[in-house]
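One structure below.
Each reported figure results from applying straightforward, stated rules to the coordinates on display, with no laboratory input. Since the structure is predicted, the reported quantities are computational estimates derived from the model, not experimental observations. Backbone-built Cβ (ideal geometry, glycine too); neighbour counts: all protein chains shown.
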Amino acid sequence: MPRQRYVVSGLVQGVGFRWFVLREAHRLQLRGWVTNLEDGSVEVVAEGTATQLGELEGALKRGPSVAQVRGVDKFEVPPDVDVSNFFDIR
């Protein structure tokens, strides 16, 4: 199953962004995690179908209403990265 890593930049910490991602991931039935990074961005690692990941990417570009997303960078995730059977906040 496809996996993607997203790094979301902008005003995305302290605005409920991780909880927004968690709700979207649960709605889309994705596996993976979301976490804050030290540089102020948010990292999302998700596993699902191409359609599910496409919907997640669209949600990341929108973000919650109080966020100001400046960019979403997308990276491939190597198959040796362990993705749990659920989606959580780290």
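Give me the angle, in degrees from 0 to 90, between the Cα long axis of helix 50-62 and the longest principal axis of the Cα atoms of the chain, rounded to the nearest 10. In the chain, helix 50-62 runs at an angle near 10 degrees to the longest axis. Inter-label distance, Thr51 to Arg5: 2.8 nm, where each label sits 7 Å from its Cα along the C-beta direction.
By how many nm would the segment from Glu38 to Trp19 lengthen if fully extended, with 0.36 nm per residue of separation less the alpha-carbon distance? Working shown, then result.
On the way: separation 19, 0.36 × 19 = 6.84 nm, distance 1.79 nm.
Gain in length upon complete extension: 5.1 nm.
Here are labelled values, (i) 5.1; (ii) 8.4; (iii) 5.9, and one is the computed mean projected area of the Cα convex hull in nm² for what I pasted. Which one? Label (i) holds the value from this structure. Using a cutoff of 8 angstrom between alpha carbon atoms and counting only pairs six or more residues apart, the relative contact order for the chain works out to 45 percent. What does the charge add up to near Arg70, with Lys and Arg as +1, Asp and Glu as -1, over the other residues with Cβ less than 14 Å from its Cβ? The answer is 0.
Against the main long axis of the alpha-carbon atoms of the chain, helix 17-28 sits at an angle near 40°. Our estimate of slack between Glu76 and His26, defined as 0.36 nm per intervening residue step minus the Cα-Cα distance, is 15.9 nm.
Please work out how much length the chain gains when fully extended from Gln68 to Phe86, using 0.36 nm per residue of separation minus the C-alpha to C-alpha distance, in nm with one decimal. Display every interim value, and only then the final one.
Details: separation 18, 0.36 × 18 = 6.48 nm, distance 2.71 nm.
So the chain would gain 3.8 nm between Gln68 and Phe86.
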